[in-house]
Amino acid sequence: MEDAMACPVNHEFDPLGEAYVADPYPILSAVREEGPAFYAPAIDMWVITRFDDIQSALMDPKTFSAAVGQRPVFPLTGEARSIIKEGFHAYPVMSDCDPPRHTRIRRHNQKGFSARRISVLEPKVWAKATELVDSIEPGVVDLVSALTYPLPAYMIFTFIGFPDEDMDMLKSWCGNRIAFSWGKPTPAEQREIANNMVNYWKYCEEFVAKRAADPVDDFTSDLIRIHQDDPESLSISDITNVAYGLSFAGHETTTSFTGNAVRRLLANRRQWDDLCADRSVIPQAVEEVLRYDSSIPAWRRITTSKVTVGGVEIPADAKILLLLGAANRDPGHFEDPETFDIHRDDARKHLAFGQGIHYCIGAALARMEARIALDLLAQRAPGMRMVEDQDFDFPANVSFRGPRKLLVHWPG
Ligand code: HEM
């Protein structure tokens, strides 16, 4: 057995720091080269850097609990805590939940994510994407506000069953939600986000109660039918929590991912031109963007007991950051990993959707949305170009990455 060494400390590593926010990848590669794990005082977390160790942690939910998945990284103000305590009654159901509750709820949700439900959604996503793309005027356009923000919101809200007329209100409640649990919002921002979370939560409670009284043909009604068959196994509160959680998980992640995809493709012009010439490579290109620049370059766990990672000893109750973005460029797993190449045939081996019991339940939806968006852009605007020297305005947080603005010259 190898001797465990005490955990090295890295005082420089700060995912909220300017350099990391602008471009985390040189830092991710450097820390992966330096060692398998270290403690980062800036975020009070132990950080794991290499593909094999991250994969092992994902596959070991007993030692690496998911319970911290949604917990604020930095302490909230008393005001924000009391707003949440008063009006927001969510509890862990999937991403921040461990077995056995996770196993029970995930099993039911998996039925809701059926091939039929996804295939019913696909033509609606095409229609919405076509409407959005066809209303873009020639000139300089922000593709985030024109396409990559509204499309995933429409997709996930339609999937859950939220009515079209509520979309703008729902979207207004999502603003800055990432900062709350993964960033460092100001006290005023915390107040605003906490109030929005309460509004959203109440909306989900009322929505699920409505569906319970009158189920229709949507994902939430699928869960209601499961509840009606066996109320003990899936409660109405469980369903409310799922609706709340999915509307967040399925929205920002995919907006950011599609933004990253367009940015990387336009920055590698020959590959964009190849994709426009042969749209059958789009699914492969989607996998390469997931590998090279996913919207979740890092995810969290907490240890339930002492554990040794790559020879480094990590204590029990240690908050952990798994550097998925570093794993996806690990030279032990991908040849020439720092090169973006949509023709790479093993990109799909990435860990962008995690692995094991928490593997992203929305992976098929995310892939579908990105594929449709890229297909339409390639058809309608193969000549589009990225505006040079622009500020993409990446949000500062430990887990999520995507441009808040993406300016392109849209051809006439
Ligand atoms: C490109 C977009 C997306 C990325 C990169 C992404 C990434 C991830 C990752 C890394 C995890 C695993 C976390 C872990 O191991 O704890 C995860 C879990 C999850 N994702 Fe996604 N996701 C995306 C889109 C979506 C969409 C569209 C939905 C909803 C329709 C969704 C819903 C979820 C849920 C509910 C979980 C928790 C599953 C569980 O704990 O059993 N995600 N996602």
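Please enumerate the residues belonging to the stretch 270-297 that are within 12 Å of the ligand (Cβ to nearest atom) and either in contact with a Pro (Cβ under 7 Å, 6 or more places away or on another chain) or assigned to a strand (DSSP E or B) (or both). If the condition is that a residue be within 12 Å of the ligand (Cβ to nearest atom) and either in contact with a Pro (Cβ under 7 Å, 6 or more places away or on another chain) or assigned to a strand (DSSP E or B) (or both), then 297 is the only one that fits. Contact map, the stretch 24-47: first residue over 12 Å from residue 9 (Cβ atoms), second residue part of a helix (DSSP H, G or I) and open to solvent by 10 Å² or more (accessible area, probe 1.4 Å), Cβ cut-off under 9 Å, separation 6 or more or different chains; pairs are 25/292; 26/19; 27/19; 27/20; 28/20; 36/52; 36/53.
Just so you know, in the stretch 106-119 the residues that are within 8 Å of the ligand (Cβ to nearest atom) and not aromatic (Phe, Trp, Tyr) include one that is most open to solvent (accessible area, probe 1.4 Å), and it is 106.
Of all residues in the stretch 120-133 being surrounded by fewer than 16 Cβ atoms within 10 Å (Cβ to Cβ) and charged (D, E, K, R), which is farthest from the ligand (Cβ to nearest atom)? Filtering first and then ranking leaves 131. On inspection, residue 81 fails the criterion of being within 16 Å of the ligand (Cβ to nearest atom), farther than 18 Å from residue 252 by Cα, surrounded by fewer than 17 Cβ atoms within 10 Å (Cβ to Cβ) and of a type outside the set (A, V, I, L, M). Got at least one residue in the stretch 142-149 being open to solvent by 70 Å² or more (accessible area, probe 1.4 Å) and more than 13 Å from the ligand (Cβ to nearest atom)? Looking for residues that are open to solvent by 70 Å² or more (accessible area, probe 1.4 Å) and more than 13 Å from the ligand (Cβ to nearest atom), one finds at least one in the stretch 142-149, hence yes. Only one entry of 136, 156 meets the criterion of being touching a strand residue (DSSP E or B) at 6+ places or on another chain (Cβ under 9 Å) and either open to solvent by less than 70 Å² (accessible area, probe 1.4 Å) or in contact (Cβ under 8 Å) with a residue 60 or more places away in the chain (or both), and that entry is 136.
If only residues of the stretch 223-251 that are near the ligand (Cβ under 9 Å from one of its atoms) and assigned to a helix (DSSP H, G or I) are counted, the one that is nearest to the chain's Cα centre (by Cα) is 249.
Considering the stretch 357-412, and only residues there that are crowded, with 16+ Cβ neighbours inside 10 Å and of a type in the set (S, T, N, Q), the residue that is nearest to residue 104 (Cα to Cα) turns out to be 399. In the stretch 184-202, the residue that is nearest to the chain's Cα centre (by Cα) out of those that are over 21 Å from residue 394 (Cβ atoms) and free of Cβ contacts under 8 Å to residues at least 40 places away in the same chain is 196.
The values are calculated or read from the model by the stated rules, or taken from the named source; none is laboratory data. Just so it is clear, the structure is predicted and the values come from calculations on it, not from any experiment. With ideal geometry, Cβ positions are generated from the backbone for all residues, glycine too; neighbour counts draw on all protein chains shown. Ligands, DNA and RNA are stripped out before the accessible areas are found, and what is left, the full protein with its side chains, is counted by its heavy atoms. Shrake-Rupley method; radii C 1.70, N 1.55, O 1.52, S 1.80 Å.
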